[in-house]
Amino acid sequence: MTESSIISLDEEAVQNNVAFLKKKIGKNVIISAVVKANAYGHGIEEIVPLFEKYGIKHYSVFSYEEAIRVYNSLSDPHPIMIMGWISDENMIDIIKKRIEFFIFNTERLQVALSYAKSLNTKINIHLEVETGMNRSGLNINQLNSAISLIKENKDYIDVVGFCTHLAGAESISNHSRIQKQLKKYNQLLTVLKKNNIKPQYRHVANSAASFVYPKARMDMVRIGIMLYGFWSSTEVFIQYINNKANKTDPLDRILSWKSQIMSIKDVKCGEFVSYGLSYLAQTNIRTALIPIGYASGYSRSLSNKGIILIQNQICGVIGVVNMNMIIADISNLPDAKIGDEVVVIGKQNGLEIKVSAFSEISDQLNYEVLAHLSESIKRTVANKQ
Ligand SMILES: *Cc1c(COP(=O)(O)O)cnc(C)c1O
């Protein structure tokens with residue numbers, strides 16, 4: 001390996017996850033693959049062609065830049081939907097490329113409409129309504145003014161979707177809040193229908209909601225974390241697996257992250273390791289230096305807590321996580337040598353370091369660990385045999 005570390009994607013896991021989700025969600029519901037945050041750290045350019053290969057025909061992103069990266073990664077044209085940020089300057093390109101986007105306030109609609117008129121073309125919008133998350137979305141008054149604008153400008157606006165986002169479907173503690181949101185959504189949908197506007201896709205569910213509230217699947221679901229092989233929360237997994245005879249996880253993790261030993265050192269009892277006083281050798285130990293750090297996405301909160309795999313054994317990270325390096329205790333590996341493989345995330349023979357292990361020891365969400373994986377790490381695809 002010439003790189004200091006490398007992320008590899010398991011094509012078979014992609015195939016498995018897409019097949020599982022398609023089967024569970026049913027063929028009448030479209031799966032939009034959420035590939036924001038560099039496809040949850042997996043790499044847009046690497047994962048999008050795989051999703052496409054296994055039959056994903058709709059893509060959701062947060063921003064203009066991500067939308068363009070997806071656009072350039074697809075081999076056939078499929079709908080791309082921007083759920084968040086587009087600057088006014090980029091609106092023209094979005095409209096020309098027929099990329100779809102959320103309308104979450106009336107200002108956005110007015111800006112987009114004026115560009116549509118100047119280009120003499122249609123914009124493809126999803127009306128996002130406020131149903132109780134209080135983050136983004138049109139309230140009833142804003143929805144009414146959007147409806148007037150839409151009716152007055154039928155030739156320039158195509159209402160593709162009507163949507164909202166649920167505030168925490170992965171936890172049963174939010175159950176009544178979610179129910180209220182669904183009710184509110186349906187009320188607002190009635191307002192739209194009364195005005196004879198019929199969106200092609202009603203969509204509200206992310207991964208968790210698609211499983212916990214099957215009614216929320218409607219016409220389309222926006223699936224992120226589960227496509228990558230993770231359950232939104234342990235609760236969602238337990239709820240799913242509870243009445244199944246087979247208790248094995250039907251999802252497979254796609255991503256693994258590997259590095260190698262860069263240097264080895266013997267440290268005497270009583271010496272400190274790395275910056276400051278955070279790790280004191282209690283006996284004579286042997287350490288391995290590994291060229292990953294918080295700049296590559298290995299959180300400082302894993303200082304003295306992280307674990308990695310070398311030579312099929314779990315080794316602890318000692319001392320603080322540096323910008324580009326971590327140090328592991330390899331006292332139990334007398335044969336370890338420079339260049340040995342280090343598994344940071346993923347499997348080595350029978351053992352596995354899961355992203356959830358990071359989350360548990362350092363209070364980070366799976367989502368957060370993945371989103372922090374630096375874009376500068378090279379991604380490769382491990383093809384099917
Ligand atoms: C991120 C996001 C999703 C996907 O959520 P997952 O929990 O990863 O499935 C869906 N909808 C919106 C609006 C999002 O921002």
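The values are calculated or read from the model by the stated rules, or taken from the named source; none is laboratory data. This is a predicted model, so every value here is computed, not measured. Every residue, glycine as well, gets a Cβ built from its backbone with ideal geometry; the counts of neighbours run over all protein chains shown. Accessible surface areas use protein heavy atoms only, side chains included; no ligands, DNA or RNA. Shrake-Rupley method; radii C 1.70, N 1.55, O 1.52, S 1.80 Å.
Computed quantities for the displayed model
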{"read-out": "Meets criteria (open to solvent by 10 Å² or more (accessible area, probe 1.4 Å), touching a residue at least 60 places away in the same chain (Cβ under 8 Å) and within 16 Å of the ligand (Cβ to nearest atom)) for Glu100", "value": "yes"}
{"read-out": "Residue in region 219-239 that is open to solvent by 30 Å² or more (accessible area, probe 1.4 Å), within 16 Å of the ligand (Cβ to nearest atom) and touching a His at 6+ places or on another chain (Cβ under 8 Å) present", "value": "yes"}
{"read-out": "Top-ranked residue in region 9-22 [being within 16 Å of the ligand (Cβ to nearest atom) and either hydroxyl-bearing (Ser, Thr, Tyr) or closer than 16 Å to Ala382 by Cα (or both); ranked as surrounded by the most Cβ atoms within 10 Å (Cβ to Cβ)]", "value": "Val14"}
{"read-out": "Single condition Lys378 does not satisfy, out of (1) more than 24 Å from Glu66 (Cβ to Cβ); (2) out of contact with any helix residue (DSSP H, G or I) (no Cβ under 8 Å at 6 or more places or on another chain); (3) among the charged types (D, E, K, R)", "value": "(1)"}
{"read-out": "Pairs where the first residue, in region 252-272, is within 15 Å of Arg379 (Cα to Cα) and the second is open to solvent by less than 50 Å² (accessible area, probe 1.4 Å) and of a type in the set (D, E, K, R), C-beta under 9 Å, 6+ apart", "value": "Ile254/Glu11; Leu255/Arg379"}
{"read-out": "Subset of region 23-63 (residues that are within 15 Å of the ligand (Cβ to nearest atom) and of a type in the set (D, E, K, R))", "value": "Lys24, Lys36"}
{"read-out": "Matching option when the condition is in a helix (DSSP H, G or I), within 30 Å of Met262 (Cβ to Cβ) and out of contact with any His (no Cβ under 6 Å at 6 or more places or on another chain), among Ala67, Ala37, Ala19", "value": "Ala37"}
{"read-out": "Which numbered condition Val111 fails, given (1) open to solvent by 10 Å² or more (accessible area, probe 1.4 Å); (2) closer than 19 Å to Pro199 by Cα; (3) hydrophobic (A, V, I, L, M, F, W, C)", "value": "(2)"}
{"read-out": "Members of region 81-90 found to be touching a residue at least 24 places away in the same chain (Cβ under 8 Å) and surrounded by 20 or more Cβ atoms within 10 Å (Cβ to Cβ), listed by number", "value": "Met81, Met83"}
{"read-out": "Residues (within 23 Å of Leu138 (Cβ to Cβ) and either within 13 Å of the ligand (Cβ to nearest atom) or within 21 Å of the chain's Cα centre (by Cα) (or both)) located in region 202-217", "value": "His203, Val204, Ala205, Asn206, Ala209, Tyr213, Ala216, Arg217"}
{"read-out": "His78 vs. criteria surrounded by fewer than 17 Cβ atoms within 10 Å (Cβ to Cβ), within 27 Å of the chain's Cα centre (by Cα), on the phi < 0 side of the Ramachandran plot and away from the ligand (no atom under 13 Å from the Cβ)", "value": "no"}
{"read-out": "Complete set of residues in region 185-231 that are in contact (Cβ under 8 Å) with a residue 60 or more places away in the chain and not in a loop (DSSP other than H, G, I, E, B)", "value": "Leu192, Tyr201, His203, Ser210, Phe211, Arg217, Met220, Val221, Arg222, Ile223"}
{"read-out": "Matching residues, region 305-344, being part of a loop (DSSP other than H, G, I, E, B) and open to solvent by 80 Å² or more (accessible area, probe 1.4 Å)", "value": "Lys305, Met323, Asn324, Asn332, Pro334, Asp335, Lys337, Ile338"}
